[in-house]
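What follows is a single structure, written as structure tokens, with notes after it.
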Amino acid sequence: MNPSVHIFRLVLTDFRNHAASRMDIETTAHLVALTGPNGAGKTNVLEALSLLAPGRGLRRAPFADMARQEGSGGWAVAVRLAGMEGEAAIGMAWRPGANRSPEGKGTATHGTVPANGTTEAGREIRINGKGVRGPRQLATHLRVAWLTPAMDRLFTGPASDRRRFFDRLAAALNPDHATQAALLERTLRQRNRLLETGDGDPRWLEAVEARLAASAVAVAAGRVALLAALEKAMKVVKSGDFPFPSAHLRLEGWVEERLLRMPAVAVEDAYRVHLAAMRRRDATAGRTLDGVHRTDVLVTHAETAQPARLCSTGEQKALLLALVLAHAAAVREVCGGTAPLLLLDEVAAHLDAERRRALLATLGRLGSQVWMTGTDAALFAGAGEEVAHFQVADGRITPWPAP
């Protein structure tokens, strides 16, 4: 099966440790395997591809940090792909010192505004040679999802990590979710500043709280829709050879819990009234204490009823993989059969041989193009002939026959 989205050329210029790297991928390859020692630059390749989604990529790093230290000071990433709108050429470049508008937005020639609401001066995106205002338009060509070793402690870490992870998954289903999440963050900061100063027109605070309630319900609705889609998709990916556990998901938050039993307009009104009633408390605390910005996502191993945070390290990794695979199936359904581009960093090394074979088989059924990294070429054995295998060493990428 050919992947729904297929990158067949990637060019990196002064990106991280890649001075000038180019990869040409056969159109039949559904798996791109990157093999090399630690520090060779494998994850840097995946990071470059993750910039095709709204935000700052899988490391969430400032764009300035992505520039090669010995390079020109900027960087560029270019891909040719077959995606949801057919074949397209996408170029992305960053250079320091670009001008900003008074509103903090990047100029049409020098920058764009990422979905997280911050301005990264100097960023430029072009699709088929035409400059675009922001990364939101990339979603018309492809959706991207990833799993990295840094996410291994997702279930035992702070709730903010889980919120960020699930909001990114929700944005792949509905790109407007990222816009609403950014609006939520900005409006929260506005309310907190107004409460801190304690002056100004009360009607201004009322207006800010009304906007906050509307964006909070929109974000909560996106999360609720995501969890429903994941639960449904979990049943799809578990058909056949799939030795990964199912997960039960629950949102624990002021807005989400009410949204499950009340109409959205009623929840919005209730939250707005609650914000007004809690002004003195929140002013004393120095922040807004209730809302979707404090929601937690509770994950349970479906077969054992064990909370994910109490599962073994191996089972936590298996649960994460199951969620990512279910999400890919959910995106495929939402996007009319187009599966997302999957970036899996050092995933196979943590799986036994049986689960590794099952993972490769499941990925083939999903129809995604998958980019995987590993230090050992044997990790990709059993992937079949539809593999494009590359060796990465010291920021250089060379083709390598599949194992």
All positions within segment 226-277 that are closer than 21 Å to residue 176 by Cβ, touching a helix residue (DSSP H, G or I) at 6+ places or on another chain (Cβ under 7 Å), assigned to a helix (DSSP H, G or I) and among the aliphatic types (A, V, I, L, M): 226, 229, 230, 233, 255, 259, 264, 267
Pick from 89, 64: which is part of a helix (DSSP H, G or I), more than 15 Å from residue 50 (Cα to Cα) and modelled with pLDDT of 80 or more? 64
Odd one out for residue 155 among (1) in a helix (DSSP H, G or I); (2) crowded, with 19+ Cβ neighbours inside 10 Å; (3) touching a strand residue (DSSP E or B) at 6+ places or on another chain (Cβ under 7 Å): (1)
Output for segment 154-175, where each listed residue is without any contact (Cβ under 8 Å) to a residue 12 or more places away in the chain and not polar (S, T, N, Q): 157, 158, 161, 164
Among the residues of segment 14-44, write down those that are surrounded by 15 or more Cβ atoms within 10 Å (Cβ to Cβ) and of a type in the set (Asp, Glu). 14
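Going through 77, 11 one at a time, which residue ends up being in contact with a strand residue (DSSP E or B) (Cβ under 7 Å, 6 or more places away or on another chain) and either crowded, with 20+ Cβ neighbours inside 10 Å or not assigned by TED's automatic domain parsing to the domain that holds residue 365 (or both)?
Working: 11 fails: either crowded, with 20+ Cβ neighbours inside 10 Å or not assigned by TED's automatic domain parsing to the domain that holds residue 365 (or both).
Unique residue meeting the criteria: 77.
Going through segment 167-189 one residue at a time, which ones are over 29 Å from residue 334 (Cα atoms) and buried (at least 17 other Cβ atoms within 10 Å of the Cβ)?
Start the filter on segment 167-189 by keeping residues that are over 29 Å from residue 334 (Cα atoms), which leaves 187-189.
Within segment 167-189, 187, 188 qualify.
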Testing residue 56 on (1) in a strand (DSSP E or B); (2) over 19 Å from residue 348 (Cα atoms), one condition comes back false. Which one is that? (1)
Restrict the check to segment 206-221 and report whether at least one residue is surrounded by fewer than 21 Cβ atoms within 10 Å (Cβ to Cβ), on the phi < 0 side of the Ramachandran plot and of a type in the set (S, T, N, Q). no
Could you tell me whether any residue of segment 316-323 is out of contact with any strand residue (DSSP E or B) (no Cβ under 6 Å at 6 or more places or on another chain), over 28 Å from residue 215 (Cβ atoms) and basic (Lys, Arg)? yes
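Mind checking whether some residue in segment 163-171 is acidic (Asp, Glu), at pLDDT 95 or above and in a helix (DSSP H, G or I)? Let's see the steps before the verdict.
Residues of segment 163-171 acidic (Asp, Glu): 167.
So of that shortlist, the ones also at pLDDT 95 or above come out as 167.
Among the residues that remain, those that are also in a helix (DSSP H, G or I) are: 167.
Yes, segment 163-171 contains at least one residue that is acidic (Asp, Glu), at pLDDT 95 or above and in a helix (DSSP H, G or I).
The values are calculated or read from the model by the stated rules, or taken from the named source; none is laboratory data. Since this is a predicted model, take the numbers as computed values, not measurements. In this analysis, Cβ positions are derived from the backbone assuming ideal geometry, glycine residues included, and neighbour counts consider all displayed protein chains.
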